[in-house]
Amino acid sequence: MQLTFHQLIIPPGQSLLLRQIDWQWFENLLELSGEHRTLRFSYSQGMLEIMVPSVEHEYDKRIIGNLVEIILEELNMEFIPLGSTTFKHEKMEQAIEADDCFYIQHEALIRGKKRIDLTVDPPPDLAIEIDITSRTRLDNYEKLGVPELWRYDGENLEINVLQNGRYVTSAASIYFPHWPLREVIPHYIQQSQIVGRNKTMKAFRAWVRNSLNQTGK
């Protein structure tokens, strides 16, 4: 008996790994599942991961994304948030769907584009992954050349910076080099769970503005 995609049941917060999946099968799966699905896909040279986000997972990614947007707004840096957009490179047999991602340094290059082609367009400058129950595989992010990857495990924020084609753990972000984000981001995520999202965002924006005033930027 041959299983079909619709027969698979993956509990929230869990993932399924499939080996020896060819690129066309993966493309057909993307088309079959549609654009408004809740599943997340990651593909690397025949290895396919299918993940179903949990409530905690979705909450954390939204809060982190909101905090990043506040920093970028206060720094007056243009950016494009693309959420869990599918980024594919057929020749490299790589595809990723980050929990959240941003174009920052290369924002002007994709401004106004309806589709992104990684054979000619740059990958996102910053990707964010929530690793509550499993560790994000770095290979496809590295091979696609995403300059910076954040991983949050529910308590700690890890910043990975691409150097010579491999990720190294960094104390600071490429785009926000003078900000103690590894300590600050988890603090405000936890605060949001106590006082609520809106109060947290207002407090964080005030912290950002105060930090900018102190540095004179």
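Please treat every number below as a calculation from the coordinates, not as lab data. Being a predicted model, the structure only gives us computed values, none of them experimental. Here the Cβ is made from the backbone with ideal geometry for all residues, glycine too, and neighbour counts use every protein chain on show.
Note on L75/N198: beta-carbon distance plugged into 1/(1 + (r/R0)^6) with R0 of 25 Å gives a FRET efficiency of 0.70. Normalised by the number of residues in the stretch 54-215, the average gap of Cα pairs under 8 Å and 6 or more apart makes the relative contact order 18 percent.
For the peptides 94-103, 152-161, the ranking by mean Cβ contacts within 10 Å, running from highest to lowest, is 94-103, 152-161.
The orientation-averaged projected area of the convex hull spanned by the Cα atoms of the stretch 54-215 comes to 9.8 nm². A straight Cα-to-Cα reach below 19 Å connects K202 with the aspartates and glutamates D60, E69, E73, E74, E183, residues fewer than 8 places away in its own chain not being considered. For K143, the lysines whose Cα falls under 20 Å of its own Cα, not counting residues fewer than eight places away in the same chain, are K88, K91. The residues V168, V184, V120, when put in order of fewest to most other Cβ atoms within 10 Å, stand as V120, V168, V184. Ranked by how many other Cβ atoms sit within 10 Å of their own Cβ, fewest first, the residues S33, S192 fall in the order S33, S192.
Listed by Cβ neighbour count within 10 Å, with the fewest neighbours leading, L149, L82 appear as L82, L149. Between the stretch 163-217 and the stretch 42-106, the alpha-carbon centres lie 18 Å apart. The alpha-carbon of K199 sits under 21 angstrom from the alpha-carbons of these lysines, leaving out residues fewer than 8 places away in its chain: K61.
Stretched out straight at 0.36 nm per residue, the stretch from D22 to M92 would grow longer than its current Cα-Cα span by 24.0 nm. Placing pseudo-labels 7 Å out from each Cα toward the beta carbon at A108 and S33 gives an inter-label distance of 3.6 nm.
Phi angles of the stretch 194-206 translate, via the Karplus equation with coefficients 6.51, -1.76, 1.60 and θ = phi - 60°, into HN-Hα couplings of 9, 9, x, 5, 4, 4, 5, 5, 5, 5, 5, 5, 5 Hz per residue; Gly and Pro are given as x. Estimated purely from DSSP H runs of n ≥ 4, each contributing -39500 (n - 2.57), the mean residue ellipticity at 222 nm for the chain is -11000 deg cm²/dmol once divided by its residues.
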